[in-house]
Amino acid sequence: MKKRILIAAAVFGTSAAPAFAHLNPSEHGSLMAGLSHPLLGADHVLAMVAVGLWAVQIGRRALWAVPVAFVAAMALGFTLSVAGVALPFVEPAILASVVALGLVVAMAVRLSPASAAAVVGLFALFHGHAHGGELGAAGAWTFAIGFTIATALLHAAGVGLGAAFSRISSGGTFGRIAGAVTALAGATLILG
């Protein structure tokens, strides 16, 4: 049985085509490349959904202030990248954002909306810088519009999940579990 599994793994491994993490803007256009960019990276998806989950946990003004702060700081990070301004530790900061945001959701950390916005804004700066660094042949502003829309949709998905979790579990148990899973997934990305 083990021999069959090894043979199957070898066959699939040698026949695999290279994976492309993002759409080619010359084939799909800059807008589609931008729209798909955050959706095709687990690190981006996990962090952005966690932002929405955390905003629900904090409540009231945070429902809009926290996601808006992320999008605004992400746009600033993108602009810095396109302008050639370097930021240190971009990829480690993005991976750290997945773990940290997962942990604040898992622990249901309650900060003021302004403080939570500052936390997510710091992480978003690095996410935006990474988007700029991976611009390639895409038109900068069309690409930016695409990833901004996708990011807002991921935040909305997190808010929707958070609201659903709040309705079906007392004490926010499901939201906390989602945060823990996010933090573990982030740790896996770091170690992987």
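The values are calculated or read from the model by the stated rules, or taken from the named source; none is laboratory data. What you see is a predicted model; the values in this text were computed from it and never measured. Cβ: placed from backbone, ideal geometry, glycine included. Neighbour counts: every protein chain shown.
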Test for Ala55: is it under 11 Å from the mean Cα position of the chain (by Cα), in a helix (DSSP H, G or I) and at pLDDT 90 or above: no
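Each row is one residue, and each column tells you yes or no for (1) touching a Gly at 6+ places or on another chain (Cβ under 8 Å); (2) modelled with pLDDT of 95 or more.
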{"position": "Ser112", "(1), (2)": "no, yes"}
{"position": "Gly128", "(1), (2)": "yes, yes"}
{"position": "Ala152", "(1), (2)": "no, yes"}
{"position": "Ala156", "(1), (2)": "yes, yes"}
{"position": "Phe165", "(1), (2)": "yes, no"}
{"position": "Gly192", "(1), (2)": "no, no"}
Test Thr173 against the criterion of being under 25 Å from Ala96 (Cα atoms) and within 18 Å of the chain's Cα centre (by Cα), and give yes or no. no
Residue pairs, Cβ under 9 Å, 6 or more apart or interchain, first in segment 115-129 and over 16 Å from Pro92 (Cα atoms), second polar (S, T, N, Q). List them. none
Is at least one residue of segment 173-181 surrounded by fewer than 20 Cβ atoms within 10 Å (Cβ to Cβ), among the aromatic types (Phe, Trp, Tyr) and within 18 Å of Ala55 (Cβ to Cβ)? yes
Exactly one of Pro38, Pro67 is under 28 Å from Gly139 (Cα atoms), within 17 Å of the chain's Cα centre (by Cα), surrounded by 11 or more Cβ atoms within 10 Å (Cβ to Cβ) and modelled with pLDDT under 90, and that one is Pro38
Any pair with Cβ under 6 angstrom, 6 or more apart, that starts in segment 137-166 at a residue that is in a helix (DSSP H, G or I) and ends at one that is of a type in the set (S, T, N, Q) and surrounded by 15 or more Cβ atoms within 10 Å (Cβ to Cβ): Thr142/Ser30; Phe143/Ser30
